[in-house]
Amino acid sequence: MIDLQECRDEIDVIDSEIIRLFEKRMKVCEDVAEYKIRTGKKVLDPERERKKLEVLREKAHGEFNRLGAQELFQQIMAISRKRQYQLLNEHGVEDDEKLEMVDHLPLENVTVVFQGVEGAYSYAAMREYFSDEIRSFHVKTWRDAMEEVAEGRADYAVLPIENSTAGIVAGIYDLLAEYDLSIVGEQIIRPEHVLLGMPDASLEDITCVCSHPQALAQCGKYLEAHPGWKTREMENTAGSAKQVKEDGDKTQAAIASRQAGELYGLMILAENICYNGQNATRFIIVSKKPIYVKDAHKISIFFELPHESGTLYNMLSHIIYNGLNMTKIESRPIAGRTWEYRFFVDFEGNLKDSAVKNALRGIEAEANRMRILGNY
């Protein structure tokens, strides 16, 4: 008859031996790291690890144990690499600085571009973030805004990236990967959506409501209560208010801000139409200059991975293992590469922190592609 306590005691002895051997192995890995520091050899040698895993897998008996051995040694090797990245940092082997630290951002006498028209929430975010001593202009699309900054015609662009109700603005993530610009700041705006119509209109007259897709989604429950209304997507909220005014059609209404209604001479037909009272939109400030302020506390990156089991876990483990708090992760398909994805991650920290350097060194070494989008 099996004695449970005897089994547990035996497991304790085995576990203690595993710990002893693990620490012995890590000491040898530190010796390997010193060699790599002297010679400049890279930490990760994927072909050698692949061959070694094949050998170790075949040493185990039975398919279950073979899979277990492979997973076990994959993790041991990953931990060994993390220790080697730490040692590189401790020995002053620095990667090239991706961004330059500055005391503060230049925010006065600069040119800022935003998508939409005056009265849009992007415009409101710009007014909140910057001083009055700026020049500003608007463009039609988010790509146009990125292009203005990339070509040097604007110092900054203000772009919506996330809404607490409707989720991410996927197109912005794709543009961040395409353009070599840096996120240098963020601004949160709480949109107060109202329904705007012609001065002589009433709710009974309305047959069509236009606005940006995000605003339509945020006010979805209100719109569902009026099933006879059609909806029409526009490029931005203030632009929809402007369109209603220009059309002069009292059967049309727009979802936009109070300020847009005042700007275009429209009447508020309904208030409090967003079902989430905590609705907020996060805007990012992007610049062509690869800079960050010395007290920045959030880092945004993206990386692309081999299409293999466990690769995402390995990337995120660099953040977890270094004690960093990941606050967001999103994925976007990579154009032209079926079922392959680009991952966008936000975590807390500053590029001067040792833990951040360790994590980024590991991710950059092991991803197909990695880029720091900003520290802000």
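The values are calculated or read from the model by the stated rules, or taken from the named source; none is laboratory data. These figures come from a predicted structure and were not determined experimentally. Here the Cβ is made from the backbone with ideal geometry for all residues, glycine too, and neighbour counts use every protein chain on show. For the accessible areas, the whole protein counts, side chains as well, though only heavy atoms, and no ligand, DNA or RNA atoms are used. Shrake-Rupley method; radii C 1.70, N 1.55, O 1.52, S 1.80 Å.
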Query raised in the report: What is region 138-275's relative contact order, in percent, from Cα pairs under 8 angstrom and six or more apart in sequence?
Result: 29
Query raised in the report: Mind checking the dipole of the chain: about its Cα centre, +1 per Lys or Arg Cβ, -1 per Asp or Glu Cβ, Debye to the nearest 20?
Result: 820
Requested in this report: Could you work out the relative contact order of the chain, using alpha carbon pairs under 8 angstrom and six or more residues apart, expressed as a whole percent?
Outcome: 18
Query raised in the report: With each pseudo-label sitting 7 Å past Cα toward Cβ, what's the ARG232-LYS52 distance in nm, one decimal?
Result: 6.5
Query raised in the report: Where does each of 96-104, 219-227 land if you order them by average Cβ count within 10 Å, highest first?
Result: 219-227, 96-104
Query - Solvent-accessible area per residue for the chain (1.4 angstrom probe, square angstrom) - result: 53
Query raised in the report: With labels modelled as points extended 7 Å from the Cα through the Cβ direction, what inter-label distance (nm, one decimal) is found for VAL293 paired with TRP339?
Result: 4.5
Query raised in the report: If you roll a 1.4 Å probe over region 182-292 with all protein chains in place, what percent of the accessible area is carbon or sulfur?
Result: 49
Report task. About the Cα centre of region 220-281, how large is the charge dipole given +1 on each Lys and Arg Cβ and -1 on each Asp and Glu Cβ? Please answer in debye to the nearest 20. Result -> 80
Report task. List the relative contact order of region 105-215 as a percent without decimals, with contacts defined as Cα pairs under 8 Å and 6+ residues apart. Result -> 25
Query - HIS104-ASP15 pseudo-label distance in nm [points 7 Å out on the Cα-to-Cβ vector] - result: 5.5
Requested in this report: Give the label of the value calculated from the structure for Rg and Dmax of the Cα atoms in Å, choosing from (i) 27.0, 90; (ii) 19.6, 57; (iii) 20.4, 61.
Outcome: (i)
**Report entry** Theoretical gain in end-to-end length, ILE329 to LEU4 [0.36 nm per residue, Cα-Cα removed]
**Finding:** 112.7 nm
Report task. Calculate, in nm to one decimal, what ASN272 and GLU133 gain on full extension: separation in residues at 0.36 nm each, minus their alpha carbon distance. Result -> 46.7 nm
Query raised in the report: Going toward the positive end of the dipole of region 27-154, with +1 on Lys and Arg Cβ and -1 on Asp and Glu Cβ, which of ALA120, PHE73, THR39 do you reach last?
Result: PHE73
**Report entry** Positive-end residue, region 90-231 charge dipole about Cα centroid, Cβ charges, pick of GLY167, SER211, HIS91
**Finding:** SER211
Report task. Report the charge-dipole magnitude of region 178-274 in Debye, nearest 20, computed about the Cα centre from +1 at each Lys and Arg Cβ and -1 at each Asp and Glu Cβ. Result -> 220
Report summary line: per DSSP, antiparallel bridges as share of beta bridges in the chain, % nearest 5, sits at 70
Query - Among PRO191, LEU107, ALA270 - extreme Cα towards positive end, dipole of the chain, charges at beta-carbon - result: LEU107
